[in-house]
Each structure stands twice: as structure tokens, then as C-alpha cells.
1. Can you name the condition, by its number, that PHE99 falls short on among (1) exposed (fewer than 15 other Cβ atoms within 10 Å of the Cβ); (2) at pLDDT below 95?
2. For GLY98, state whether it is in contact with a Lys or Arg (Cβ under 6 Å, 6 or more places away or on another chain), part of a helix (DSSP H, G or I) and on the phi < 0 side of the Ramachandran plot.
3. Just to be sure before I move on: is ALA117 modelled with pLDDT under 85 and among the small types (Gly, Ala, Ser) in the structure I sent?
4. Sort out which residues of region 14-32 are surrounded by 13 or more Cβ atoms within 10 Å (Cβ to Cβ) and farther than 13 Å from ALA55 by Cα, and write them in order of number.
5. State which residue is nearest to the chain's Cα centre (by Cα) when the search covers only region 1-60 and only residues that are part of a loop (DSSP other than H, G, I, E, B) and in contact (Cβ under 8 Å) with a residue 40 or more places away in the chain.
6. Name the pairs: first residue in region 61-76 and free of Cβ contacts under 8 Å to residues at least 60 places away in the same chain and in a helix (DSSP H, G or I), second residue surrounded by 18 or more Cβ atoms within 10 Å (Cβ to Cβ) and charged (D, E, K, R), Cβ to Cβ under 9 Å, at least 6 apart or on different chains?
Amino acid sequence: MSVASRLMIGITLLTVPTIVFGGLTVLGVVTAGEAGLPGPALTPLQATLYRAGHAHAGVLVILSLVLQLLLDHARLGQGTAWSARVAAPLAAILVPGGFFGLAHAPPLRVLLYAGAALIAYATLTAGVGLLRSLRRETGAMPAQRAVPA
């Protein structure tokens with residue numbers, strides 16, 4: 001594992017307690033406090049947006065962790081690789097923030113779209129870099145390899 005991966009994975013793992021706290025908040029919301037945890041009084045739409053934000057936070061953090069390792073094997077320039085490394089965990093913050101923002105301040109929906117663009121950029125960049133790495137390892141794309149007679 002590269003130093004860059006260890007750095008970004010370490011930073012990303014530090015965000016997990018915030019997801020846990022968010023989960024406790026969602027539990028309080030969906031159980032109306034019956035689980036022993038208080039939750040803010042929300043409309044049904046707000047409660048749905050809270051659940052969506054929490055779910056996206058967890059999924060995008062996991063995807064961000066996986067992308068860090070995949071980027072170690074991608075054939076990309078250093079700046080491009082770093083931009084994808086930073087974009088993935090940033091998306092894991094912005095997308096849930098957009099959902100929570102929609103619940104209370106609709107203008108914050110811009111966070112949702114910015115996060116979606118960042119995770120799309122990170123995944124596409126990693127995917128292209130991994131496909132480019134095939135050429136480096138084999139000298140040709142897999143479909144171009146000669147089949148032994």
C-alpha cells in the first residue's frame with residue numbers, strides 16, 4: 001500500500017465516528033425517540049432525506065477506501081491520481097451534506113450535486129487509470145494479445 005493510500009485511508013477512517021453519530025440521530029428520528037435516543041421532530045420528507053444522507057455517507061466512505069487502493073495500481077499522472085484520491089472522500093462528505101441540507105435549507109442541494117460530480121470523477125479516473133495500466137503490464141490491451149497456437 002502506498003504512502004498516499006495510507007494517508008487518505010487514515011484520514012477517511014477518522015470520519016467514521018461522524019457516521020456512527022449520524023446513525024444514532026437517524027435511529028432517534030425513525031423511532032421517534034422510542035429507542036432511547038432523542039431525535040429532532042421532522043416531517044416525513046425530512047426523515048427520508050436523513051436516511052438517504054446517512055446511507056450515502058456509509059456507502060461513499062467504503063467506496064472511497066476501495067478507490068484509494070485501486071488508485072495505487074492505476075496508470076495516472078501524480079496530480080490526476082491525487083485529485084481522484086481527494087475527490088472520493090470529499091464526495092462522501094458533500095453528498096450526505098446535500099441530503100441533510102435539503103431537509104432544512106433547500107439551497108444546500110448544491111452540495112449533493114457537487115459530491116455526485118466528485119464521486120463520478122473519482123470512479124471514472126480510477127477506472128480509466130486501471131484500464132491504462134493493462135497496456136503497461138501487457139504491452140497491449142487484453143483483446144490484442146496473441147493466442148498461442
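1. Condition not satisfied by PHE99: (1).
2. Here the answer is yes, as GLY98 does meet what is asked.
3. no
4. Answer for region 14-32, where residues must be surrounded by 13 or more Cβ atoms within 10 Å (Cβ to Cβ) and farther than 13 Å from ALA55 by Cα: THR15, GLY28, VAL29, VAL30.
5. In this case the residue turns out to be THR15.
6. Close Cβ pairs (under 9 Å, with a partner that is surrounded by 18 or more Cβ atoms within 10 Å (Cβ to Cβ) and charged (D, E, K, R)) amount to SER64/ARG85; LEU67/ARG85.
The values are calculated or read from the model by the stated rules, or taken from the named source; none is laboratory data. Note that the structure is predicted; figures quoted are calculated from it, not measured. Neighbour counts are summed over all protein chains in view; Cβ atoms, including those assigned to glycine, are modelled from backbone coordinates with ideal geometry.
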